[in-house]
Each structure stands twice: as C-alpha cells, then as structure tokens.
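Asker: I have a structure I would like to understand better, so I am pasting it below and will then ask my questions one at a time.
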Amino acid sequence: MLDEITRRLAEALGENSGLGKTLKVDFGGDGKIFIDAASIPNRVNNDDLPADCTVNITLENFKLLAKGKLNPAIA
C-alpha cells in the first residue's frame, strides 16, 4: 500500500511541482514518504530524511483524506 501511495504522489508531483521545499509524511510504524521538491526533478521515496515540514498522520486517516472522506481541519 505504501509503495502505491508513493508512486502516485511521484506521478502527481511530476518533475517540478514548484513547492521548492522538502516534506515528510510520517505514518508511524507503517512507514514514511519523503518528498524532495527542492530539487529538480522532484524526488519521492520512502527514506526517513530531515524535511522542512513533517506531517504525522495514520495511514488510515491519510487514505480517508485522499478520498475526501475526512475533513483536514477536524483530522
């Protein structure tokens, strides 16, 4: 499941998302996704590297957010 999410995020970001920063999504024991949008081409992988911003969320809640079934303000 994490590999699929990582692949889809990489496809969605493309080579230059314009973000210009790094982001880590930390799913706890389920793994991490590291987005390096500071370099071009952007890179997305499952490395646990320092990031400009880290979002801690359960994998289940992330899936609900992606489907539009969880309000990010409430989460």
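Read-outs throughout are calculated quantities, based only on the coordinates presented, and are distinct from any laboratory measurement. This one's a predicted model, so the numbers in the text were calculated from it and none came from an experiment. Note that each Cβ is placed from the backbone with ideal geometry, even for glycine, and that neighbours are counted across all protein chains shown.
Asker: Karplus couplings for segment 13-27 from phi (6.51 cos²θ - 1.76 cosθ + 1.60, θ = phi - 60°), rounded to Hz, Gly and Pro as x?
Answerer: For segment 13-27, the Karplus curve yields 6, x, 7, 8, 6, x, 5, x, 9, 10, 9, 10, 9, 9, 9 Hz.
Asker: Calculated FRET efficiency, Thr54 and Leu2, Cβ-Cβ r, R0 22 Å, to nearest 0.05?
Answerer: Step by step, r from the Cβ atoms, then E = 0.85.
Asker: Of all beta bridges DSSP finds with both residues in the chain, what is the antiparallel percent, to the nearest 5?
Answerer: About 65 percent, rounded to the nearest 5.
Asker: Loop only by DSSP, 11 or fewer other Cβ within 10 Å of the Cβ. Give me the GluC sites (Glu not before Pro) in segment 1-51 that pass, ordered by residue number.
Answerer: Passing sites in segment 1-51 are Glu15.
Asker: For Asn71 paired with Asp30, estimate the spin-label separation in nm (one decimal), with each label point 7 Å from Cα along the Cα-to-Cβ line.
Answerer: Inter-label distance under the simple model: 2.2 nm.
Asker: Starting from the Cα of Lys21, draw a straight line to each of the lysines and keep only those under 17 Å, dropping any in the same chain fewer than 8 residues away.
Answerer: Lys32
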